[in-house]
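Visitor: Please read through the structure below; I'll follow up with questions.
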Amino acid sequence: DIGFFYIEHGHYEEGLSMLNKCLETQKRSLPDDHPSLVATYSHITLGLSKLHRYSEAFDIGMKAFDIATKQLGDEHEQTCYLRAMLKLIADQMELH
């Protein structure tokens, strides 16, 4: 996904813009708890955290985590990744 590519290469605002457009499209065609949303929400979470927008990142990350837990299971790789990411974001929120 091009939005994630931008985030991985330090172009956070551009990546978030693309990911948010992607999310809008997905939300029009998929149920609110569709597993495909997990990756998009996760990428947005990463971009927001890179911009130190920890509160927003945590909220979006929780959406991804809730869907992942419900649709993929507690031990799925994506669920475990999100759990770790949310812990790191929560730690950053405590520092700021």
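Visitor: Give the number of residues within the range 44-53 that are in contact with a Phe, Trp or Tyr (Cβ under 9 Å, 6 or more places away or on another chain) and in a helix (DSSP H, G or I).
Guide: The total comes to 6.
Visitor: Here is a follow-up. Run GLU56 past the list (1) assigned to a helix (DSSP H, G or I); (2) in contact (Cβ under 8 Å) with a residue 24 or more places away in the chain; (3) acidic (Asp, Glu) and report the number of the one that doesn't hold.
Guide: (2)
Visitor: Would you mind stating whether LEU46 is surrounded by 13 or more Cβ atoms within 10 Å (Cβ to Cβ) and aliphatic (A, V, I, L, M)?
Guide: yes
Visitor: Let me ask another. Look at the range 63-90 and say how many of its residues are under 14 Å from ALA39 (Cβ atoms) and in a helix (DSSP H, G or I).
Guide: Matching residues across the range 63-90 total 13.
Visitor: Could you check, for the range 24-34, whether at least one of its residues is of a type outside the set (Lys, Arg) and closer than 24 Å to HIS96 by Cβ?
Guide: Looking through the range 24-34, none of the residues is of a type outside the set (Lys, Arg) and closer than 24 Å to HIS96 by Cβ.
Visitor: Restricting attention to the range 21-43, report how many residues are in a helix (DSSP H, G or I) and either touching a Ser or Thr at 6+ places or on another chain (Cβ under 8 Å) or surrounded by 14 or more Cβ atoms within 10 Å (Cβ to Cβ) (or both).
Guide: Going through the range 21-43 one residue at a time, the tally reaches 10.
FYI, it's all coordinate maths here, none of it is from the lab. Bear in mind the structure is a predicted one, so any value in this text is a computation, not a measurement. We place every Cβ from the backbone using ideal geometry, glycine too, and count neighbours over all the protein chains shown.
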